[in-house]
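The values are calculated or read from the model by the stated rules, or taken from the named source; none is laboratory data. The model shown is predicted, which means the values in this text are computed figures rather than measured ones. In this analysis, Cβ positions are derived from the backbone assuming ideal geometry, glycine residues included, and neighbour counts consider all displayed protein chains. To get the accessible areas, we keep the full protein, side chains included, count just its heavy atoms, and leave off ligands, DNA and RNA. Shrake-Rupley method; radii C 1.70, N 1.55, O 1.52, S 1.80 Å.
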Amino acid sequence: METTIVIYAQGLLKSYGRIQALRGVDLEVRQGEIFGFLGPNGAGKTTTIRCLLDLIRPNGGALRVLGIDPQANPVAVRSRMGYLPGELHFDEGMTVERALRYLNKLRGGRADWSYVLRLAERLDLNLKMAIRNLSKGNKQKMGVLQALMHRPELLLLDEPTFGLDPLVQQEVLRMVAEAREQGATIFFSSHILSEVQEIADRVGIIRLGKVVEVAETASLINRSLRRVHLRFRAPVDPRELTGVPGVTILFQDDGLSATLQVEGEMDALIKKIAAFQVVDMEIERPSLEEIFLAYYERERVRVNST
Amino acid sequence: MFTIFWYSLGRSRGQILGWGLILAVLGGYLVGFYDTLAEQQEVMEQLLHSYPPELMAFFGDFGQMFTPQGYLHIEFFSYMPLILGIYAVLAGSGLLVGDEESGTLDLLMAQPLSRTAFYLGRLAAFATTTFLILLVTWAGFAVVVPGTTMDVTPLDLAAPFLSLFIFLMLFGFLALLLSMLLPSRRFAAMAGGMLLVASFFISSLARIDDNLVKVAEYSPFNYYQGGEAIIGLDWGWIGGLLGFALLFALLAWWRFERRDIRVGGEGGWGVSLPAFLKRRRFRSERLSSQL
């Protein structure tokens, strides 16, 4: 079966005066997947999302969302989307309910109000409250609710769990997973890697306005980086181990024990340590966070060296 | 568009009631005072002659003080463009950029709504708000005028309000255009306010300084009739002011359709340069990097 591409970006460029925010973003998001978009502040995550909505116009490159050019027909794109901005602001003079009804009216009243009430109950959000009296977390709940309430085909979520307590974070992630089960595609940016690891099918890493890696979340975690704890019978000169390609020593104690980070295949290391008497060996898969940081470190070194 | 219009109009109800009621009470009081003033015409004329001409220039022709149109112009319509003009400049400059700077425009423009529909909804709400403020004010005049010796009908009184409405649209739309071109609402309001005050001073001082007569031809105040409109509207002037107002609104729409919706930290708060200037700058950057 052919996979439908819901978001397609090729060579996307965006500059703000002299600042080049996007330097050729290439991206493909498939229908029905949860795609995590990772990157530190200023990497271009929000700029990419706002280009998808035609809130800002790219200076170059090609862009299709749900098969439509957002600049040519932004209304058609937005009518099938739900959006949670990274910087969320509402008209403070309204109640939660009035603001949600207003946004719903702008969407032609598509939301089923009983569904809105169910979502509000799950998020423990009081619709009668005045927005000016809401905490940051409650405003974020409201943002999540307005993005989900009309059951969009595509959800663009910029830092969806920002400002929420851990219990509500879990509830929001459950709602996102449920939306996917109902057929929605979810594109969300985050720098909370544990949540990306928890729900994303695929991950894209953006750095300095360029997507440097796109991979299945599981394969990214499994593929390249491992942490190896070794204990030897007799002291081993650490230089013997650092000479192995892809191996970095993270910790060593009198030559009797060492913790190594291994990038790539394990074969060379196993052959190397076969020459020593190994008492114990433990291999640990790193978290997405560690992979992410390793990626950035590697890129930083590459950029500095060039 | 209608959802945006009704919502924006609802947000302005405080302005309509606040401005409208205060000005209606003031208008009713001034109309009621006309008979008292007419009874003391001789004393008042002596008093007016003692004022310096520089001061009198700002309020119109004091020779007309004892006619309804002259009285209403001097007492009300001469300075209303300045007072309500400040409202129009503030409202116009914040019509779109106000929401942008408060961060609420991002979510609104992510709804299935074209920029044109949003723009027209907001523009219509601003025009309607201003119209309703003037309507409430006019009602204050119209209720009191039949009980005085002032020889005008409530319908006659509508003419200077129409002249004022068109003038306010001109400065409101100018401020809106400035907000699309300048880095912030504050800059746009400041520039619009300065133009308003400058126009008022130039047109007023041109009455006593012949050197300013030529310059005053370019001042919108010159084409604002005020109280004189009671004896007949100058449709040429109304059309001219309306034409420029619509031109400013059209240019603001053109710019809004093409610009980025800004949020803090995106680096999009610089002065908007025309495209040909931007290209030239990039080209010169490229050349310098090649060198």
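Where the second residue is among the hydroxyl-bearing types (Ser, Thr, Tyr) and the first is closer than 23 Å to A:Leu155 by Cβ and lies in the range B:111-130, which pairs have Cβ atoms under 9 Å and are six or more apart or on separate chains?
Once the first residue is closer than 23 Å to A:Leu155 by Cβ and sits in the range B:111-130, its partners that are among the hydroxyl-bearing types (Ser, Thr, Tyr) give B:Gln111/A:Ser79; B:Gln111/A:Tyr83; B:Pro112/A:Ser79; B:Leu113/B:Thr3.
Of (1) surrounded by 20 or more Cβ atoms within 10 Å (Cβ to Cβ); (2) touching a Phe, Trp or Tyr at 6+ places or on another chain (Cβ under 8 Å); (3) at pLDDT 90 or above, B:Ser93 satisfies all except one. Which?
It is condition (2) that B:Ser93 fails.
From the list A:Glu92, A:Glu87, exactly one residue is touching a Gly at 6+ places or on another chain (Cβ under 8 Å) and acidic (Asp, Glu). Which is it?
None of the others qualify; the one that does is A:Glu87.
So, restricting to strands (runs of 3 or more DSSP E) that lie completely within the range A:1-106, which ones have at least 3 residues that are farther than 24 Å from A:Glu213 by Cβ and touching a residue at least 60 places away in the same chain (Cβ under 8 Å)? It would help to see each step written out before you state the result.
Details: elements: A:5-16, A:19-30, A:34-38, A:60-65, A:81-84.
By residue number, A:81-84.
Considering each of A:Leu52, A:Leu119, A:Leu154 in turn, give the residue that is more than 8 Å from chain B (Cβ to nearest Cβ) and either open to solvent by 20 Å² or more (accessible area, probe 1.4 Å) or more than 22 Å from the chain's Cα centre (by Cα) (or both). Before the answer, list the steps.
On the way: A:Leu52 fails: either open to solvent by 20 Å² or more (accessible area, probe 1.4 Å) or more than 22 Å from the chain's Cα centre (by Cα) (or both); A:Leu154 fails: either open to solvent by 20 Å² or more (accessible area, probe 1.4 Å) or more than 22 Å from the chain's Cα centre (by Cα) (or both).
Answer to the selection: A:Leu119.
Take the conditions within 26 Å of A:Gly42 (Cα to Cα), among the small types (Gly, Ala, Ser) and open to solvent by 10 Å² or more (accessible area, probe 1.4 Å) and apply them to A:Gly163. Does it pass?
Working: within 26 Å of A:Gly42 (Cα to Cα): yes; among the small types (Gly, Ala, Ser): yes; open to solvent by 10 Å² or more (accessible area, probe 1.4 Å): yes.
Considered against the rule, which asks whether it is within 26 Å of A:Gly42 (Cα to Cα), among the small types (Gly, Ala, Ser) and open to solvent by 10 Å² or more (accessible area, probe 1.4 Å), A:Gly163 comes out as yes.
Of the numbered conditions (1) of a type in the set (Phe, Trp, Tyr); (2) facing chain A (nearest Cβ under 10 Å); (3) under 16 Å from B:Ala24 (Cα atoms), B:Phe141 satisfies every one except a single condition; which is it?
Result: B:Phe141 fails condition (2) only.
Which ranges mark the strands (runs of 3 or more DSSP E) fully within the range A:207-284 that have 1 or more residues being open to solvent by less than 30 Å² (accessible area, probe 1.4 Å) and within 30 Å of A:Ala43 (Cα to Cα)? Show your work before the answer.
Numbers: elements: A:210-216, A:225-232, A:247-253, A:257-263, A:278-284.
Strands (runs of 3 or more DSSP E) meeting the threshold: A:210-216, A:225-232, A:247-253, A:257-263.
Output the number of residues of the range A:19-49 satisfying the condition of being within 14 Å of chain B (Cβ to nearest Cβ) and in contact with a helix residue (DSSP H, G or I) (Cβ under 8 Å, 6 or more places away or on another chain). First the steps, then the outcome.
Just the residues of the range A:19-49 that are within 14 Å of chain B (Cβ to nearest Cβ), to begin with: A:19-22, A:40-49.
Filter once more, keeping what is in contact with a helix residue (DSSP H, G or I) (Cβ under 8 Å, 6 or more places away or on another chain): A:21-22, A:40.
Final tally of qualifying residues: 3.
Would you pick out the residues in the range A:68-84 that are open to solvent by 40 Å² or more (accessible area, probe 1.4 Å) and among the aliphatic types (A, V, I, L, M)? Reasoning before the result, please.
Our first condition is that a residue be open to solvent by 40 Å² or more (accessible area, probe 1.4 Å); within the range A:68-84, this holds for A:69, A:71-73, A:75, A:80.
A:Ala72, A:Val75, listed by residue number.
Output the residue which, of all residues in the range B:68-107 that are polar (S, T, N, Q) and free of Cβ contacts under 8 Å to residues at least 60 places away in the same chain, is nearest to B:Leu48 (Cα to Cα). So that I can check it myself, show each step before the final result.
From the range B:68-107, those polar (S, T, N, Q) are B:69, B:78, B:93, B:102, B:104; that's our starting set.
Next, from what is left, pick out any that are free of Cβ contacts under 8 Å to residues at least 60 places away in the same chain: B:102, B:104.
On the way: B:Ser102: 49, B:Thr104: 52 Å.
Across the range B:68-107, the extreme among qualifying residues is B:Ser102.
Could you list, in sequence order, the residues of the range B:183-224 that are under 14 Å from the mean Cα position of the chain (by Cα) and not in a helix (DSSP H, G or I)?
B:Ser219, B:Tyr224
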